[in-house]
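Below is one structure, written out as structure tokens; the observations come after it.
The values are calculated or read from the model by the stated rules, or taken from the named source; none is laboratory data. What you are looking at is a predicted structure, and each value in this text was computed from that prediction instead of being measured. Backbone-built Cβ (ideal geometry, glycine too); neighbour counts: all protein chains shown.
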Amino acid sequence: MKGIAFTLLNELVEQSFGMETWDTVLQRTGLDGIFTAAGSYPDDDVFRIVTVLSEISGLPPEVLVRTFGEFMFKGFVEQYPHFFPEGQKARELLKSVDSIIHVEVRKLFPDAAPPTFACEERDDGTLLMTYRSPRRLCILAEGLINGAAQYFQEPITHRQIACMYRGADHCCFELTFGGSPDAC
């Protein structure tokens, strides 16, 4: 996993739980905590961090990962503003993740292995967004969708209609734009 995920996770933990908590997480995981955005680190390290943070905070891992996705979106906006042109809408951005954003990510970080997203417009106005990754971080993807809704100030209602944790070979979100902001 690219280091940007680790540097943003570090920021989130320090902002939400304090530097002492981050230090405790590092001690318990045996990680040195020296992460660079361009570096690559074992996927398992982020899972270890979340597991220990869950034990310390009492929050379920799913809540932490979803919250991290929301925070990660904000971090991406700050660090890569060229991916978020003025006037763009959430739907446009989400549809461009694989065809534009991940193409650019691979140019910046040739060893990156981002998940794949496929989007399908439906006649009823919903957008089906399919997520595939051996990391199985569909909850992180859900957090990123929530982050997009917050950033663009556009309510997005989402319903997960397929999940790798329920036996599917992918995860699929049905997105409705303009729904109730509390539905996310």
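The rows are residues; the columns are (1) farther than 27 Å from R166 by Cα; (2) acidic (D, E); (3) modelled with pLDDT of 95 or more.
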{"site": "E86", "(1), (2), (3)": "yes, yes, no"}
{"site": "E104", "(1), (2), (3)": "yes, yes, no"}
{"site": "P115", "(1), (2), (3)": "no, no, no"}
{"site": "L128", "(1), (2), (3)": "no, no, yes"}
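Look through segment 53-80, keep the residues that are in a helix (DSSP H, G or I) and small (G, A, S), and return whichever of them is nearest to the chain's Cα centre (by Cα).
Per the criteria, the residue is G69.
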### Message
When the residues of segment 58-101 are narrowed to those that are acidic (D, E) and within 18 Å of T7 (Cβ to Cβ), which ends up surrounded by the most Cβ atoms within 10 Å (Cβ to Cβ)?
### Response
E70
## Note on the structure
Scanning segment 3-40 for residues that are of a type outside the set (A, V, I, L, M, F, W, C), modelled with pLDDT under 95 and within 20 Å of D111 (Cα to Cα) gives G3, T36, G39, S40
### Summary
Within segment 109-157, restricting to residues that are under 17 Å from the mean Cα position of the chain (by Cα) and more than 27 Å from K2 (Cα to Cα), the one that is surrounded by the fewest Cβ atoms within 10 Å (Cβ to Cβ) is T157
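In the set I139, I100, which member is assigned to a helix (DSSP H, G or I) and free of Cβ contacts under 8 Å to residues at least 24 places away in the same chain?
Exactly one of I139, I100 is assigned to a helix (DSSP H, G or I) and free of Cβ contacts under 8 Å to residues at least 24 places away in the same chain, namely I100.
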### Within segment 156-168, tally of residues that are in contact with a Cys (Cβ under 7 Å, 6 or more places away or on another chain) and outside any strand (DSSP E or B)
2
### Message
Residue under question is C119, and the condition is that it be touching a helix residue (DSSP H, G or I) at 6+ places or on another chain (Cβ under 6 Å) and farther than 27 Å from S54 by Cβ; does it hold?
### Response
yes
### Top-ranked residue in segment 119-136 [being among the hydroxyl-bearing types (S, T, Y) and touching a residue at least 40 places away in the same chain (Cβ under 8 Å); ranked as farthest from C171 (Cα to Cα)]
T126
### Message
Pull out all pairs, ordered by first then second residue, where Cβ-Cβ is under 7 Å, the residues are six or more apart or on different chains, the first lies in segment 1-27 and is at negative phi, and the second is hydrophobic (A, V, I, L, M, F, W, C) and surrounded by fewer than 17 Cβ atoms within 10 Å (Cβ to Cβ).
### Response
K2/A112; G3/A37; G3/A38; I4/A37; T7/A37; T21/I56; T24/I56; V25/I56
### Message
So the check is Cβ under 6 Å with 6+ separation or different chains; which pairs have a first residue in segment 151-164 that's closer than 16 Å to I139 by Cβ and a second one that's part of a loop (DSSP other than H, G, I, E, B) and not basic (K, R)?
### Response
A162/A168
## Note on the structure
With the first residue restricted to segment 106-117 and required to be assigned by TED's automatic domain parsing to the domain that holds R135, and the second required to be assigned to a loop (DSSP other than H, G, I, E, B), Cβ contacts under 6 Å at 6 or more apart or on different chains are R106/A112; P115/S133
### Query
Which condition number in (1) in contact with a Pro (Cβ under 6 Å, 6 or more places away or on another chain); (2) farther than 25 Å from P155 by Cα is the one that A37 fails?
(1)
